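The values are calculated or read from the model by the stated rules, or taken from the named source; none is laboratory data. None of the values given here were measured: they were computed from a predicted structure. Backbone-built Cβ (ideal geometry, glycine too); neighbour counts: all protein chains shown. Remember, those area values only see protein heavy atoms, side chains included, never the ligands or the DNA or RNA. Shrake-Rupley method; radii C 1.70, N 1.55, O 1.52, S 1.80 Å.
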Amino acid sequence: MRAWASVLAVVAGLSAAGPAAAQLPERGAWSLQLSPAENPRVGAWRMASERTNLGVAVGVGVTRSEQEGGDEGTSWSLTVSPPVKRYAPPVGPFPPYLFGSVPLGIQREEFGDDAEGSDCTVGAALAGGLDWFPVRGVSVGGHPGFHVVRNASRSETRFTDLESTSTVLGTFGSGLTLHIYF
């Protein structure tokens, strides 16, 4: 029973932020995106119209690992995504939106002198989400959705060279994303 009371108190507190805080930034406003989720990203966005936000998001990853036999492996990845958000009319401090994106990515792996591989991906994503504007010029939000990704892989070892392609249809979630408007 206490858990439900806590949830209701949080919802009431968020609703009390009032509709004034929910006003979307004006056309031409820029924002910086920070997404510290599983796949961290940074981005730059611009309000193209009163309800359309266009951006570019970039993610970079580097991993070092040790394989059996003592070989060290290094993997790096780069993802670039031109996303768009189309907001519905705000409902209190929570404007809902549709999200679309075309993520492009490359990944390179090297394991000593014995093996290396690379992946190239291209995809499309569609999601629905909510932003929360606790104060003017700052939003926190997220979106779950569907994506389709086409992947081309190549791997080389001392003994074999393999190439493969695959297409994956799946679900995804953005994690929490912070936008700071200026």
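If I take R0 = 45 Å and measure r between the Cβ atoms of R51 and D161 in this structure, what FRET efficiency does the formula 1/(1 + (r/R0)^6) give, to the nearest 0.05?
Approximately 0.35, to the nearest 0.05.
How far apart, in nm, are two points set 7 Å out from the Cα along the Cα-to-Cβ line at V58 and at V102?
1.9 nm
So, in Å, what gap is there between the alpha-carbon centers of the stretch 74-105 and the stretch 123-182?
Result: 8 Å between the Cα centres.
Using the charge dipole of the stretch 50-169 (Lys, Arg: +1 at Cβ; Asp, Glu: -1 at Cβ; taken about the Cα centre), state which of H147, T167, A115 has its Cα farthest towards the positive end.
H147
When the dipole is taken about the Cα centre of the stretch 70-182, and only Lys, Arg (+1) and Asp, Glu (-1) are charged at their Cβ, what size is it in debye, to the nearest 20?
Dipole magnitude for the stretch 70-182 comes out near 1080 debye.
If you roll a 1.4 angstrom probe over the protein chains with everything in place, what fraction of the accessible area of the stretch 94-150 belongs to carbon and sulfur, to the nearest %?
The value for the stretch 94-150 is 70 percent carbon and sulfur by accessible area.
When only Cα pairs under 8 Å and 6 or more residues apart are kept, what is the percent relative contact order across the stretch 40-166?
After rounding, I find 17 percent.
Which order do peptides 164-176, 86-98 fall in by mean Cβ count within 10 Å, highest first?
Highest-to-lowest ranking by the protection proxy: 86-98, 164-176.
If R0 is 25 Å, what FRET efficiency do you get for L178 and E116 from their C-beta distance, rounded to 0.05?
Once the sixth-power term is evaluated, E becomes 0.10.
Excluding S49 itself, calculate the net charge of residues whose Cβ lies under 15 Å from the Cβ of S49, where each Lys or Arg counts +1 and each Asp or Glu counts -1.
+3
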